[in-house]
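Novice: Please read through the structure below; I'll follow up with questions.
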Amino acid sequence: MLANRGLASALKKNLVGSKNAISLQLARSMAVKVNGDKGQVEISPVQCYKTDGPSLWVDTTKEEAVQALRDITTMRRLEISADLMYKSQIIKGFCHLYDGQEAVALGMNLGSTKDDHIVTSYRDHCFQYIRGDSVKRILAELTGRSTGSTKGKGGSMHMYYPKNNFWGGNGIVGAQVPLGAGLALAAKYHANKGMARGEVSSKAVSFTLYGDGAANQGQVFEAMNMAYLWKLPCIFVIENNKYGMGTSTSKASSNEEFYRRYDPLPGIKVDGMDVFSVKQCCKFARDYCLSGKGPFVLEMNTYRYHGHSMSDPGLTYRSREEVSGIRKERDPIDRLKRIVTELGFMTDAEIKDLEKKVRAEVDEAVEFAKTSPEPELKELYTEVFAKEPLPYIRGTDGIYGHGVCEWARK
Amino acid sequence: MNLVGAINNALHIALDTDPTAILLGEDVGFGGVFRAAVDLQEKFGKSRVFNTPLCEQGIAGFAVGLASEGSTAIAEIQFADYIFPAFDQIVNEAAKYRFRSGGQFDCGKLTIRTPYGAVGHGGLYHSQSPEAYFTHTPGLRVIVPRSPYQAKGLLLSSIRCPDPVIFFEPKALYRASKELVPVSDYEISLFNADVVMEGSDITVIGYGAQLGVLEKACKKAREELNISTEIIDLRSLLPWDKETVCKSVMKTGRCVISHEAPLTSGFGAELAASIQKECFLSLEAPIERVCGYDTPFPLSHEKFYVPDYLKCFAAIRRCIQF
Ligand SMILES: Cc1ncc(C[n+]2csc(CCOP(=O)(O)OP(=O)(O)O)c2C)c(N)n1
Ligand SMILES: [Mg+2]
């Protein structure tokens, strides 16, 4: 263990501010230990601020690792299918894809329980999936159909799975951060049957995600201040994919070391392209928060392959080589595949087979999303308020929508 | 020239003719998401055209600061739906600077440009028309152009106007609306509504992208019902040109108002209330409002939500047949 920490600090020098840092550590052989269906995987080195950080060895099992590979393969396929459907105009409007960043959602799910809250931005399809929703419902939401996750009412940016405490995407950059802190407040409040200030434990935490661009919104800092003041079990997860739309972090952030940006909050910079790194650090931060010490920051060093949204080719502000280089050297799926095979949990042939199955499943979901019915008209004016609409929802009465209300005629 | 081209052209002229003019906003250095700021940084340099971090409250605050200290500050909020983080700076600061300092200073050189309105698939947060929140704020001017020619002239006037202006650009028309636009420098008065078409039977009032919808409805009314419609483009919502509007309604005796924003407390409410006060004895029918519904902006049902030309036509007919 100590030796590994030594390695971590030796690599640390390379990590700071260096784009090649992560590929450097990948170049060395993956360290794993195996014992039957149980295994241990060495995670990427981490950078710590006001914390010692977690052990660099993380436990796993065959069941977990195989399922993880299945899930991450599904996520990638989901996003690629969404891309194709968008290009053939089956999906319209705003659509932000998550391919490249899947390990964050997946690792976070492994490092948390379904009682923990998760809330994120508009790049939300994979979180919806990993918290329990089906690919069918997600794709049907993207096509705006009644069978979608939000009955076709929300679209790409607005899907939720409250059953497993996923509080969804958000179209307004940064708006989900105070919401996440609010969920943390709720968790602490319920655990203590009332408002408890100071270092009091709770039973669940809130993973509150936002981007490197969103990190500069005022409400992020406001939420952090209150979270620290009230020692809320809130894990602020900044997904640093290097760009907010076309703006690189260096052009938008005075301090690009997001994990140490919020004195006095402790933080860790995590390899966000490694499922097990994410899992281990989420677990570590979670334990810290549950004990009542207050909020924690995790910076996920990650990368999005696609442009910002479907209308951005994603190559005007970064080079093709940059994208393909990261795909080649840091791809989270490739890495997980290597781990799974090195652990001896799956053979190459079994992986191929799994990929085929996933593909067929997602293809079936695509068909479902294409052929599901449109939402009923009433979805336009229901759920604005708690009660059935008329005559409260003005405008929607009458065939052209603007007749005089029936009750006024009498 | 299309509408986004006209905006771009106006910005070129504004920066060219006023050495104190500055353009700031998210990604404007790259031309902005709608390309309204294209080539401006190349031409005027990074000290006059620059990107800001993703922080609307900051953008508004910085622009107020610049404007109060002698710069002509033109700020872009990427979508009108994102203006709410900046709401406080606009409503509580920009709008009240002159009044609360007893005229010692102001931020009249401030213009905030922002694209608004439905585009067919924008869903909840890329479609809204938030103009009425701002028309409820004395000290601001609120301008909405309907076409490329109008957009250029009104934007230049807004930038040069000594009051803070919120300039809502109909993004649905950015590329869809094309017309001849002089490349020269010209302004359009911020005080006068525009009588787009004269008529005698009914006054139809709108602004921005809705004007096109109203023109279509009026054409149908003319062809099918032989109705002579007078169409008014408000152009400036705050302050608005009561005289032009009321003279028209006194002449026609009937009035239909239309906007995309929801019905309740929409700008049409202000128009209807003022018109009935001024024109009470001339009115032959209740004033009709054809607006968005009182629902969040829907994704799948946008086509039902928007006050399309058929709804406007139906309202014209109801008003005539009353
Ligand atoms: C309040 C607000 N301002 C601007 C936008 C437009 N916008 C959407 S995403 C985005 C960039 C966000 O970048 P980042 O936080 O890094 O997240 P990423 O897209 O990289 O996941 C911008 C400017 C918005 N949706 N909401
Ligand atoms: Mg980003």
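Every number here is computed from the coordinates shown, using simple stated rules; none is lab data. Since the model is a prediction, treat every value here as computed from it, not as a measurement. Every residue, glycine as well, gets a Cβ built from its backbone with ideal geometry; the counts of neighbours run over all protein chains shown.
Novice: Points 7 angstrom from Cα along the Cβ direction at B:F191 and B:Q276: gap in nanometres?
Specialist: Going by the 7 Å Cα→Cβ label model, 3.0 nm.
Novice: Take every Cα pair under 8 Å in chain A that's 6+ residues apart, average their separations, divide by the length, and report that relative contact order as a whole percent.
Specialist: 20 percent
Novice: If you don't mind, there's one more thing I want to ask. Per DSSP H run of n ≥ 4, the term is -39500 (n - 2.57); total these for chain A, divide by its residue number, and report the mean residue ellipticity at 222 nm rounded to 500 deg cm²/dmol.
Specialist: It lands at -12500 deg cm²/dmol.
Novice: Let me ask something else. For a paramagnetic label modelled at 7 Å from the Cα of B:K46 toward its Cβ, which residues of the stretch B:14-35 fall within the zone defined by backbone nitrogen distances under 18 Å?
Specialist: Label zone hits: B:22-32.
Novice: Given the alpha-carbon gyration tensor of chain A, what are the semi-axes of its equivalent ellipsoid in whole angstrom, ordered largest first, with each equal to the square root of 5 times an eigenvalue?
Specialist: Calculated on Cα positions only, the semi-axes equal 37, 27, 20 Å.
Novice: Moving to a separate point now. How do A:H190, B:H126, B:H259, B:H121 line up, fewest other C-beta atoms within 10 Å first?
Specialist: Ordered from fewest to most neighbouring Cβ atoms within 10 Å, A:H190, B:H126, B:H259, B:H121 come out as A:H190, B:H121, B:H126, B:H259.
Novice: Helix A:2-15 versus the longest principal axis of chain A: what angle, 0 to 90°, nearest 10, using Cα atoms?
Specialist: 60 degrees
Novice: Let me understand the stretch A:186-252 better: what is its radius of gyration from the alpha carbons, and its Dmax, in angstrom?
Specialist: According to the Cα coordinates of the stretch A:186-252, Rg and Dmax are 14.7, 46 Å.
Novice: Past 30 Å, Cα to Cα: identify those pairs from A:K38/A:K356; A:K279/A:K328; A:K151/A:K283; A:K356/A:K378, in the order given.
Specialist: Table pairs above 30 Å Cα-Cα are A:K151/A:K283; A:K356/A:K378.
Novice: Shifting gears a bit: Nearest 10 degrees is fine. How inclined is helix B:3-17 to the longest principal axis of chain B, computing both from alpha carbons?
Specialist: 40 degrees
Novice: Still on this model: Would you mind working out the magnitude of the charge dipole of the stretch B:194-321 relative to its Cα centre, with +1 at each Lys and Arg C-beta and -1 at each Asp and Glu C-beta, to the nearest 20 Debye?
Specialist: Here the stretch B:194-321 has a charge dipole of around 220 debye.
Novice: Right, something else. Label B:E223 and B:T264 with points 7 Å out from Cα along Cα→Cβ: what is the distance between them in nm?
Specialist: Distance between label points: 3.8 nm.
Novice: Could I ask something else about it? Show me, for the stretch B:64-72, the HN-Hα J-couplings you get by feeding each phi into the Karplus relation (A = 6.51, B = -1.76, C = 1.60, θ = phi - 60°), rounded to Hz, glycine and proline as x.
Specialist: For the stretch B:64-72, the Karplus-derived couplings read 4, x, 4, 5, 7, 10, x, 8, 7 Hz, x marking Gly and Pro.
Novice: Now for a separate question. Send over the semi-axes of the stretch B:242-307's equivalent ellipsoid, whole angstrom and largest first, taken as the square roots of 5 times the C-alpha gyration tensor eigenvalues.
Specialist: 27, 10, 9
Novice: Only four residue types carry charge here, +1 at the Cβ of Lys and Arg and -1 at the Cβ of Asp and Glu. Report the dipole size of the stretch A:228-347 about the Cα centre in Debye, rounded to the nearest 20.
Specialist: Computed charge dipole of the stretch A:228-347: roughly 160 debye.
Novice: To continue, here is another question. Loop by DSSP (not H, G, I, E, B), at most 15 other beta-carbon atoms within 10 Å: where is the longest site-free stretch of chain B for trypsin sites (Lys or Arg not before Pro)?
Specialist: B:47-322
Novice: Could you go through the stretch B:98-108 in sequence order and give the Karplus-derived ³J(HN,Hα) for each residue, using 6.51 cos²θ - 1.76 cosθ + 1.60 with θ = phi - 60°, rounded to whole Hz, and x for Gly and Pro?
Specialist: 5, 4, 6, 9, x, x, 6, 8, 7, 10, x
Novice: Another question about this same structure. Helix-derived [θ] at 222 nm for chain B: sum -39500 (n - 2.57) over DSSP H runs of at least 4, divide by residue count, nearest 500?
Specialist: -10500 deg cm²/dmol
Novice: Beyond a 27 Å Cα-Cα separation, which of these cross-linked pairs lie in this structure: A:K50/A:K242; A:K92/A:K337; A:K50/A:K231?
Specialist: A:K92/A:K337
Novice: Quick check for you: which residues of the stretch B:130-152 have the amide N under 18 Å from the point 7 Å beyond the Cα of B:F99 toward its beta carbon?
Specialist: Output list for this probe position: B:132-143.
Novice: If you don't mind, another one. Would you mind ranking A:D212, B:D241 by Cβ crowding within 10 Å, fewest neighbours first?
Specialist: B:D241, A:D212
Novice: Then there's this: With the Cα gyration tensor of the stretch A:227-302 giving a ≥ b ≥ c as the square roots of its eigenvalues, does the rule (a/c under 1.5 for rounded; else a/b larger than b/c for prolate; else oblate) give rounded, prolate or oblate?
Specialist: oblate
Novice: Report, as a whole number in µm² per second, the diffusion coefficient that Stokes-Einstein gives for the protein assembly as shown at 10 °C and 1.306 mPa s using the Kirkwood radius over alpha carbon pairs.
Specialist: Result for D is 57 µm²/s.
Novice: Okay, moving on. Tell me, what is the percent relative contact order of chain B, built from C-alpha pairs under 8 Å that lie six or more residues apart?
Specialist: Computed over chain B, the figure is 16 percent.
Novice: A further question follows. Roughly how crowded by other chains is peptide A:369-376, in terms of the mean Cβ count from those chains within 10 Å of each of its Cβ atoms?
Specialist: The shielding value for this peptide is 1.
Novice: Please report, in debye to the nearest 20, how large the charge dipole of the protein assembly as shown is about its Cα centre when each Lys and Arg carries +1 at its beta carbon and each Asp and Glu carries -1 there.
Specialist: 980 debye
Novice: Name the residue from A:Q89, A:V46, A:L110 whose Cα lies farthest towards the positive end of the charge dipole of chain A, charges +1 on Cβ of Lys and Arg and -1 on Cβ of Asp and Glu.
Specialist: Of A:Q89, A:V46, A:L110, it is A:V46.
Novice: Of all the C-alpha pairs in the stretch B:99-200, what % are more than 16 Å from each other?
Specialist: 64 percent
Novice: Let me ask something additional. Under the classification rounded if a/c is under 1.5, otherwise prolate if a/b is larger than b/c and oblate if not, where does the stretch B:277-317 fall, given a ≥ b ≥ c as square roots of the Cα gyration tensor eigenvalues?
Specialist: oblate
Novice: Another question about this same structure. Within 10 Å of each residue's Cβ, count the other Cβ atoms and sort A:I43, A:I268 from fewest upward.
Specialist: A:I43, A:I268
Novice: May I ask for the angle, rounded to the nearest 10°, between helix A:332-342 and the longest principal axis of chain A, with both axes built from Cα atoms and the value confined to 0 to 90°?
Specialist: 50 degrees
Novice: Follow-up question, since we're still on this one. Quick check: net charge around A:H117, other residues with Cβ under 15 Å of its Cβ, Lys/Arg +1 and Asp/Glu -1?
Specialist: With Lys, Arg at +1 and Asp, Glu at -1, the neighbours total +3.
Novice: Determine the shape class of the stretch B:194-321: with a ≥ b ≥ c the square roots of the Cα gyration tensor eigenvalues, call it rounded for a/c under 1.5, and otherwise prolate if a/b is greater than b/c, oblate otherwise.
Specialist: oblate
Novice: Binning every alpha carbon pair distance of chain B at 20 Å from zero, what are the percents per bin?
Specialist: Binned Cα distances yield the sequence 34, 56, 10.
Novice: Per-residue mean of other chain beta-carbon atoms within 10 angstrom of the beta-carbon, peptide A:151-158?
Specialist: The shielding value for this peptide is 5.
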